[in-house]
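Single-structure report; data block below.
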There are 2 protein chains.
Amino acid sequence: MEFVTQALIERFDRLSKVKAADFVINESRIGFYLNGEKLLSVMSVPSDQDAHIAGFLLSEGVIENPSAIKSIRVSDDGLSVYIDANVDESARKNLFKEKTLTSGCCVGVTGNVEDKIAREFLAADYKVAIGVLLDAAQLFAQKTPLFEQTGCVHRAALVLESGETFSAEDIGRHNAIDKAIGRARLNGLDVSRSFLMTTGRLSMEMTMKCVMHRVPIVISKAAVTLQGIRSALEYGVTLGGFARNGRINFYAHSGRIIV
Amino acid sequence: MEFVTQALIERFDRLSKVKAADFVINESRIGFYLNGEKLLSVMSVPSDQDAHIAGFLLSEGVIENPSAIKSIRVSDDGLSVYIDANVDESARKNLFKEKTLTSGCCVGVTGNVEDKIAREFLAADYKVAIGVLLDAAQLFAQKTPLFEQTGCVHRAALVLESGETFSAEDIGRHNAIDKAIGRARLNGLDVSRSFLMTTGRLSMEMTMKCVMHRVPIVISKAAVTLQGIRSALEYGVTLGGFARNGRINFYAHSGRIIV
């Protein structure tokens, strides 16, 4: 399988060791270039690089909407991604203004969007039946081949009102979300009537990504954090956690969920 | 419990919803100040802040060793940490030179240490019996109260040759490692005869932390990545993954493990 490399291991137990072959995820350092200048590097699985860069820059407000993108090109080796776009220069400058190490990611993400929130507040009137979410969560709970082989990837899936679904996997939970939403937006689709599922914990960066993309509902198999809840309450995101075994816990704005 | 906040939730299943109380981790944005200047912020659980800042700056090579630290002070609200120390100015400048979004953390961490590696190569002759590791892994596998309540923390434990153990928990796997190793080093202990256990995946940043601290062995309950293996092979770190159920898989330098 792509992005997976065979590694020779020694498996030790208390009394013996045996040589064996195992599979590990093959992540790379991928360079993002914006309008001809190196923007940053991201440790990532080299798939969906076009969706990744688009999703990331849209979620940071550096690119206002997909129509501002002129071109995206991925180098033959997959390790460099070039995007040409009309950018919001102040958002671009702010990207590295506040240096924050987050629980999962880092620069930008939290610092950059706070100025924009007032106009980005999510007032979407999209509602979805709990049965739709639970069915989707059940599908989402199935392990993918990449996870089965490596035990080392997060996954995100954006489900539109039509049922059309955009899925992505990556070693980083932020990356998987950027890729899934980025793909839908590159396809010109309206994501304001959709919900996002993720395997990763929901901290503030995740709700901020939803606000910036105007995705009204996000649900995780995993836990949510207090800052995740606070930002979701404040900015209008429906936040669900521990979506497992036929149940979902909602921490904010459950009014969008129909029983 | 500290760092845990009660949240009111609505638990939906297919047919009903019930209000309930749940516990969520209460992470904060904590400011790190070095010699009177704001260095960065970190989303983190506000515990062990002194060990956290020390462990982070030592692992980045900004502070060469604990004796270079003059003082560490934590503000009364726990959200600001002030360290005064003799620093390596070039390492400090490099901290934000290469902007890398990693699978779990970000600036610094990977970019900063590469210049230092030649002199930091780990040639420690420390060896440890597999039984010691498996016993420690079994203890480590027990869930902590904080994890039981929130399902939302990573953990790290540094075990010295004497058996003395330094443990820490945080929402970030990097933070937990910084706190555990930082505490041991603040106590003036020699960590070159120790092993580190973590609940987080072992990517390159983790092996780099071990190299910089001269911790020769790192073992995770979770997976390792290809870049984790490559850096461990290259820089002399013994790397073990999937430490569960009486077994550990070794991916690099298993010569330090005695059966």
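Select from region A:212-240 the residues that are away from chain B (no Cβ under 11 Å) and out of contact with any Ser or Thr (no Cβ under 8 Å at 6 or more places or on another chain) and list them in ascending order.
Listed by number, the residues that qualify are A:Glu234, A:Gly236.
Find the residue count for region B:61-74, including only residues that are open to solvent by less than 10 Å² (accessible area, probe 1.4 Å) and away from every other protein chain (no Cβ under 14 Å).
Selection size over region B:61-74: 2.
So, in region B:242-255, how many residues would count as being open to solvent by 10 Å² or more (accessible area, probe 1.4 Å), within 19 Å of B:Ser192 (Cβ to Cβ) and either small (Gly, Ala, Ser) or within 7 Å of chain A (Cβ to nearest Cβ) (or both)?
Number satisfying all stated conditions: 2.
Among (1) in contact with a Lys or Arg (Cβ under 9 Å, 6 or more places away or on another chain); (2) of a type in the set (Asp, Glu); (3) part of a loop (DSSP other than H, G, I, E, B), which single condition is A:Glu64 missing?
Single failed check for A:Glu64: (1).
Going by the conditions given, is B:Thr199 closer than 21 Å to A:Arg201 by Cβ and more than 11 Å from the chain's Cα centre (by Cα)?
No: the conditions fail for B:Thr199.
Does A:Val211 fit the bill of being of a type in the set (Val, Ile, Thr) and farther than 23 Å from A:Leu134 by Cβ?
Considered against the rule, which asks whether it is of a type in the set (Val, Ile, Thr) and farther than 23 Å from A:Leu134 by Cβ, A:Val211 comes out as yes.
Find the strands (runs of 3 or more DSSP E) located wholly in region B:1-60 whose residues include 3 or more that are touching a residue at least 40 places away in the same chain (Cβ under 8 Å), open to solvent by less than 30 Å² (accessible area, probe 1.4 Å) and of a type outside the set (D, E, K, R), and list them.
Working: elements: B:4-12, B:17-25, B:28-34, B:37-44.
It comes to B:28-34, B:37-44.
The values are calculated or read from the model by the stated rules, or taken from the named source; none is laboratory data. None of the values given here were measured: they were computed from a predicted structure. Cβ sites come from the backbone with ideal geometry, for glycine too, and all protein chains shown count toward neighbours. These area figures cover heavy atoms from the full protein model, side chains too; ligands, DNA and RNA do not enter into them. Shrake-Rupley method; radii C 1.70, N 1.55, O 1.52, S 1.80 Å.
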